[in-house]
There are 2 protein chains.
Amino acid sequence: MNERAFLEAYDPRDYPAVAVSVDVVALTIRDGVLSVLLVERGAAPFRSRLALPGGFVGDETLDDAALRELAEETGLDATNGRLARVHLEQLKSYGDPGRDPRMRVVSVAYLAFAPSLPDPRPGGDAAGAAWVPVATISEARLAFDHSRILADGLERARAKLEYSPLATAFVGPEFTIAELRAVYAAVWGEDLHAGNFHRKVLSVPGFVEGTGTTTARGGDRGGPRAKLYRAGDARVLHPPLLRPTSEEDVR
Amino acid sequence: MNERAFLEAYDPRDYPAVAVSVDVVALTIRDGVLSVLLVERGAAPFRSRLALPGGFVGDETLDDAALRELAEETGLDATNGRLARVHLEQLKSYGDPGRDPRMRVVSVAYLAFAPSLPDPRPGGDAAGAAWVPVATISEARLAFDHSRILADGLERARAKLEYSPLATAFVGPEFTIAELRAVYAAVWGEDLHAGNFHRKVLSVPGFVEGTGTTTARGGDRGGPRAKLYRAGDARVLHPPLLRPTSEEDVR
DNA sequence: TAAATAGTGTCTCTCAGACACTATGCA
DNA sequence: TGCATAGTGTCTGAGAGACACTATTTA
């Protein structure tokens with residue numbers, strides 16, 4: 001069977017239904033901790049279990065569907081179809097038969113990076129929504145195959161920080177190098193050498209650009225005022241900021 | 001509307017049909033030229049236009065659907081559900097409304113790397129199938145949004161050669177360093193320095209392992225016999241083989 | 001005044017790339 | 001014998017990481 005023959009014989013009325021949904025792995029950093037947006041399911045199956053926010057695709061692009069779901073859960077405006085300062089990219093699709101006990105559902109997962117956002121107001125029909133530190137999420141806690149999706153999203157996020165400037169999507173429009181370093185530390189789960197990180201970031205063309213201003217105060221426990229930077233125009237980091245060599249997770 | 005409320009109210013009989021298909025960007029290197037498997041469409045729309053091989057998803061995983069489509073077009077056995085020596089990975093999903101003029105189709109695209117294969121025998125209902133050098137494919141020649149899918153697949157392939165050992169999927173079970181270099185040259189479209197490439201490949205742990213044997217003959221126009229290698233057990237190249245710096249495609 | 005942090009200087013080691021060179025084997 | 005190719009040696013420059021140090025600000 002191929003596409004051509006299939007489509008001509010196709011009648012949705014007599015074909016097993018397939019549903020297409022989007023699920024969003026929305027990451028942010030709250031109080032220095034990498035966190036993901038989860039909703040509590042209000043109905044069976046997996047009633048009262050945590051799940052990634054998501055829903056079915058309407059008459060819209062997949063990207064728009066993901067933006068819409070994210071906006072619904074976070075309560076943020078989707079101004080002109082764009083959530084301000086949120087990076088969104090497609091992650092992967094999941095379509096194993098049986099991943100949803102009710103019917104065949106192919107889910108297109110998205111990955112979102114957001115600066116620290118206020119607590120979400122629960123969407124109308126979800127029992128609740130919250131930013132949950134990823135370190136506290138055990139393997140079996142999420143509904144459906146969402147643990148797998150989350151794991152894939154985290155790995156993608158960690159890899160992307162190396163060669164893309166997306167760390168800036170986790171901070172405000174103006175930020176210090178130390179704030180940027182905290183993003184890397186939270187996502188990678190490793191502290192980075194402050195001096196070397198500083199020099200490295202400034203040496204990558206287009207990663208950040210100075211604003212000419214500094215913070216109003218030094219650190220809470222002392223220290224000079226830090227220079228403020230904006231995201232630059234680079235789309236790729238050249239050379240990349242490589243993770244501290246995890247060595248033998250290579251085979 | 002969210003997933004829970006939606007699913008309870010859901011009846012496939014009265015919901016706009018969405019179809020899920022897989023399309024495969026199958027790449028190989030024939031006579032030193034990067035080529036992709038294309039089929040000629042036998043029916044409208046896009047009748048007699050070239051397209052990526054693909055078809056609708058049955059009661060199977062997405063990966064299995066892609067394997068099946070690939071096996072159907074190439075005529076290769078899918079032994080134990082695995083096409084021998086073919087690497088297959090999910091690429092991206094495409095679901096813009098209107099990308100198929102007949103109905104809403106969400107297509108999950110796959111990327112396949114294969115060693116040089118014989119000419120495909122046309123599948124029963126496709127007008128024909130062939131390996132086509134990618135350099136000869138003009139922007140508007142492919143059906144649907146398949147040009148876009150192909151472009152995304154090529155970019156993924158080029159990037160993957162840098163940090164994964166997948167170049168070995170393009171050659172036979174035993175190969176010379178020069179053959180491996182030809183793969184990189186074909187995919188990246190740039191010649192690589194033979195001496196440096198040689199040393200670099202051997203310096204990456206687990207990329208290749210020697211067989212202790214050599215080719216039976218030297219090159220057609222002279223030269224010593226080359227040592228033969230097998231693919232090693234590394235899943236990631238550490239350090240990576242970076243593309244000759246394309247410099248300012250960075251912004 | 002003590003402590004913490006921003007930012008810089010410097011050294012070492014590794015690696016990429018350029019170039020040169022030897023060895024091998026085919027026409 | 002001439003030439004193309006396999007494979008190695010060596011040099012240079014760039015960058016990563018370790019470490020040290022100065023300057024600035026807060027409690």
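Derivation of every value follows stated rules applied to the coordinates shown; laboratory data play no part. Owing to the predicted nature of the structure, the values given are computational and were not obtained by experimental measurement. With ideal geometry, Cβ positions are generated from the backbone for all residues, glycine too; neighbour counts draw on all protein chains shown.
Side notes on the structure shown:
- Distances between equivalent label points of residue B:159 across the copies, with each point positioned 7 Å along Cα→Cβ, amount to 0.8 nm, shortest listed first.
- Closest approach to the B/A rotation axis among chain B Cβ atoms, residue and whole-Å value: B:93, 2
- The phi torsions of the range B:186-202, fed into the Karplus equation with coefficients 6.51, -1.76 and 1.60 and a -60° offset, translate into couplings of 5, 6, 7, x, 9, 6, 10, 5, 4, x, 5, 4, 4, 4, 5, 4, 5 Hz, rounded to whole numbers, with Gly and Pro shown as x.
- Point-to-point label distance, residue B:138-residue A:174, nm (Cα→Cβ direction, 7 Å offset): 5.2 nm
- Label distances, nm, residue B:140 versus same residue in remaining copies, Cβ-directed 7 Å point: 5.9
- Distance in nm between pseudo-label sites at residue A:203 and residue A:221 (7 Å out along the Cβ direction from Cα): 2.9 nm
- The Rg/Rh ratio for the range A:165-231, using Cα coordinates for both the radius of gyration and the Kirkwood hydrodynamic radius, is 0.94.
- Of the Cα atoms belonging to the range B:17-161, the radius of gyration and Dmax stand at 14.1, 44 Å.
- Counting Cβ atoms of other protein chains within 10 Å of each residue's Cβ and taking the mean over peptide A:19-31 gives 2.
- Distant-in-sequence amide H partners of residue B:228 (H built 1.01 Å from N, under 5 Å): B:211, B:212, B:213, B:214, B:215
- Considering only Cα atoms, the convex hull volume of the range A:123-251 works out to 180 Å³ per residue.
- Residue-count net charge about residue A:164 - beta-carbon cut-off 12 Å; Lys, Arg +1, Asp, Glu -1: +2
- Placing +1 on each Lys and Arg Cβ and -1 on each Asp and Glu Cβ, with no other charges, gives the range B:164-231 a dipole about its Cα centre of roughly 220 debye.
- The lysines whose alpha-carbon is closer than 20 Å to the alpha-carbon of residue A:160, local same-chain residues fewer than 8 away aside, are A:92, A:200, B:92, B:160.
- Inter-copy label distances at residue B:97 (7 Å, Cα→Cβ; nm, one decimal): 3.1
- In order through the range B:103-119: 3J(HN,Hα) via Karplus (6.51 cos²θ - 1.76 cosθ + 1.60), integer Hz, x for Gly, Pro: 6, 6, 10, 9, 10, 9, 8, 10, 10, 10, 10, 9, x, 4, 10, x, 4
- Taking the fewest neighbouring Cβ atoms within 10 Å as the starting point, the ordered list for B:87, A:193 is A:193, B:87.
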